[in-house]
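S.K.: Let me begin by handing over the structure; questions about it come next.
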Amino acid sequence: MVRIIAFIRPHKLEQVKSAIASLGITGMNVADARGTGNSPERSHWLGGDAPALPIKSRVEVVVSDDLMEPIVRAIEENARTGEPGDGKIFVERIADAVRIRTGERGETAV
């Protein structure tokens, strides 16, 4: 299993959610986040030169290994504008999952 975490522009969220759902994925978490990557936009607000922390949408799904590439590709294609600040996708290995209600483990718990 893998966890895919994507930080994307908020106005691309519905498009990305639809693309993930079209792959048969029904479980996902979405949250608002603030942050910047390695090439931060600069804010000159009140004369400061601090990095801006724009609002992003954080999309997170846990899926079987065979769905990793299709989901990463779907997020990438649907979140891209071609401008700096389009976001990032991270993929992590998941050792186990447990459904608390039933005690199921592994991919069946997801």
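A short reminder: the numbers here are calculations on the coordinates, not readings from a lab. Since we're looking at a predicted model, the values are computed, not measured. With ideal geometry, Cβ positions are generated from the backbone for all residues, glycine too; neighbour counts draw on all protein chains shown.
S.K.: Where in the chain is the longest stretch that carries no trypsin sites (Lys or Arg not before Pro) classed as loop by DSSP and with at most 13 other Cβ atoms within 10 Å?
M.R.: Segment 1-79 is the longest.
S.K.: Springs between alpha-carbon atoms under 10 Å, Gaussian network over the chain: tell me which of THR26, THR81, THR36 tops the mean-square fluctuations.
M.R.: For the chain, modelled as a Gaussian network with Cα springs under 10 Å, the answer is THR26.
S.K.: Contour minus end-to-end for ARG73 and ILE94, with contour as 0.36 nm per residue of separation and end-to-end as the Cα-Cα distance?
M.R.: 5.6 nm
S.K.: Here's something else I'd like to know. Which of [x] 14.3; [y] 15.3; [z] 15.6 is the computed Kirkwood radius over Cα pairs in Å for the structure on display?
M.R.: [y]
S.K.: Explain nothing, just the number: relative contact order of the chain, from Cα pairs under 8 Å at least 6 residues apart, as a whole percent.
M.R.: Relative contact order of the chain: 41 percent.
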